[in-house]
Each structure stands twice: as structure tokens, then as C-alpha cells.
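Where a number appears in this text, it was derived from the coordinates with a stated rule and is not lab data. Note that the coordinates shown come from a computational prediction; the quantities given were computed from them, not determined experimentally. Cβ sites come from the backbone with ideal geometry, for glycine too, and all protein chains shown count toward neighbours.
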Amino acid sequence: MQVYGDSISGNCLKVKWTADLLGIRHEWIETSVLEGTTRTADFLAMNPAGQVPLVRYEDGRTLAQSNAIILSLAEGSALIPADAYQRAKMLEWLFWEQYSHEPYVAVARFQVHYLGKAVADLEPRIVERGKGALTLLDEQLADRTFLVGDALSLADIALVAYTRVAHQGGFDLGDYPAVQRWIARTERALGIWASLHRPSLRWGDAEKIRRQPVRAADFRATTPAPCRARSRHRGRRQRRHR
Ligand SMILES: N[C@@H](CCC(=O)N[C@@H](CS)C(=O)NCC(=O)O)C(=O)O
């Protein structure tokens with residue numbers, strides 16, 4: 001399987017994290033949005049929408065839309081709840097992410113962090129709606145570990161993608177403490193903290209994730225204080241983007 005993705009894009013990273021967590025072998029083909037690679041004739045022939053992420057399977061079939069892709073990759077795994085109601089709750093979060101979170105949190109981040117716009121010049125509606133989305137998440141996460149039930153699901157993967165970098169769009173994650181704790185837990189569950197925090201579950205623990213849900217209890221014992229860990233993590237990310 002080939003994944004056409006831009007590594008600055010949360011939508012694309014959702015696909016990489018899901019594939020890595022499930023041990024799905026893939027070739028990552030870096031496809032730059034800023035350089036217009038998604039609008040070339042070759043790329044448009046694969047995805048007329050001119051967007052990444054896009055996957056191309058061995059048989060030549062293609063699939064776009066990040067949440068459709070992660071749903072297909074995670075089919076039959078513990079990242080999709082077995083219970084019908086919980087599965088629908090997971091989908092509820094995925095649809096909400098695309099309509100009420102990503103268009104504000106991700107767009108603010110893109111304009112500020114990549115296009116160099118001042119936070120003060122962002123369209124007020126984007127800022128208001130972005131804060132609204134983060135507030136809703138914070139309220140929902142106040143008394144739960146993951147977004148659906150007590151186990152990591154695609155809802156966490158989809159929502160963490162842009163929430164963890166919301167500060168790059170001018171949002172202050174310090175205003176959302178439950179969100180900060182959940183980001184730390186989810187990053188750890190995904191193994192994207194592996195080198196810093198030596199989690200008990202590591203990137204590539206594919207069998208474990210495929211067979212049994214990642215539950216809160218797997219992380220509670222050793223999860224570090226989110227603020228200290230976040231600032232170390234942020235430093236690393238910023239250096240990489242310079
Ligand atoms: N709803 C789509 C959004 C995809 C999207 O907006 N992709 C951006 C990168 S995050 C892109 O390819 N933009 C290039 C363009 O529109 O020319 C998804 O979730 O995959």
C-alpha cells in the first residue's frame with residue numbers, strides 16, 4: 001500500500017499513525033501541499049479532489065478522505081468498538097471532527113504556522129469556532145480517559161491530529177486541561193512519544209492492538225505530568241519544522 005501524504009498535515013498523520021499502530025506495511029510518499037504537488041496532472045488522475053491523504057492499494061484502487069481511510073485500515077481491529085452504539089459514537093466524533101473542528105483548528109494553524117498570518121488577523125469566526133470545539137472536547141473529556149468508552153479508538157486518533165498542534169494556530173491549550181491530559185495519553189497510546197517516555201506499549205506493538213483494546217489502565221501508572229512533557233515535545237516539533 002502506498003500513502004500519499006504531507007507530513008505537516010494532521011489528516012495525513014492520522015493515516016500513518018493508524019497504519020503504524022496496526023502494523024500495516026506501507027510506503028509513505030511525501031506529497032507537498034505547499035509546493036502544489038496535489039494539483040499536478042499525475043496526482044489529479046489519482047484523486048480529482050487534489051487532496052492528501054490518498055492511499056493506493058496493491059491492486060491499484062485508491063481511497064481518499066482521512067477518516068474513510070482510517071476506517072478501512074482499522075476494520076476488524078480494536079480501534080473500532082465492537083458494540084454497535086459505541087461504534088456509532090465513534091462515527092459521531094469522526095463526522096464532528098470534519099465539520100466542526102478541523103475547518104477551524106486546522107485552518108487557523110495552517111494560516112498562522114505555515115502561511116505566516118498573525119493570530120490577530122485570523123477571521124474571528126475561525127477563532128470563535130475553534131475555541132468552541134476545544135471547549136466542547138474539554139467538557140467531554142473531563143471525566144473520561146478516551147473519547148468513546150474506556151479504550152483508544154479512531155475517534156481519538158482523528159481528533160488528536162490537529163488538537164495536539166492547536167497552539168500553532170494561536171489557541172492556548174492551557175485553557176483546556178482535560179484536553180491536555182488526553183493528548184498526552186493518546187500520543188502515548190499511539191507510540192509517538194516512544195523515544196521520550198518509554199511507554200509500556202510501543203510503536204509497532206501491532207498484535208496487542210489488533211487483539212485487545214488499549215485501555216486507560218495501560219497508561220495510568222506511568223503517564224507523566226502533561227505540561228512538562230508537552231513543552232519538551234513542542235520543542236522537538238518546532239526544531240523539525242524550521
Ligand atoms: N476532508 C479531507 C481533507 C483533505 C485536505 O484538506 N487535505 C489538504 C491537506 S490537509 C490538501 O491536500 N490540500 C491541498 C489542496 O487542497 O490543494 C480529509 O480528511 O482527508
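Here are a few things to note about the model shown:
- Largest to smallest principal axis extent of the C-alpha atoms in the stretch 1-129, angstrom: 45, 39, 23
- Rh (Kirkwood; distinct C-alpha pairs) - the stretch 2-74, Å: 12.0
- Neighbour counting of Cβ atoms within 10 Å sorts the residues 93, 28, fewest neighbours leading, into 28, 93.
- Under 5 Å, built H, 5+ apart or other chain: amide partners of residue 54: 4
- Between residue 98 and residue 150, the contour length at 0.36 nm per residue exceeds the alpha carbon distance by 16.4 nm.
- Sorting 9, 100, 72 by the number of Cβ atoms found within 10 Å of their own Cβ, with the fewest placed first, yields 72, 100, 9.
- When only Cα pairs below 8 angstrom with a gap of at least 6 residues are kept, the stretch 2-74 shows a relative contact order of 38 percent.
- Extension gain for residue 68-residue 125 works out to 17.8 nm (0.36 nm per residue, less the C-alpha to C-alpha distance).
- Spin-label pair residue 139/residue 42, simplified geometry with 7 Å Cα→Cβ offset, distance in nm: 4.9
- Residue 58 paired with residue 86, simple spin-label distance in nm, labels 7 Å along Cα-to-beta-carbon: 3.1
- Each of the peptides 77-85, 161-169, 39-47 was scored by the mean count of other Cβ atoms within 10 Å over its residues; in descending order, highest first, they stand as 161-169, 77-85, 39-47.
- Sorting 29, 24, 70 by the number of Cβ atoms found within 10 Å of their own Cβ, with the fewest placed first, yields 29, 24, 70.
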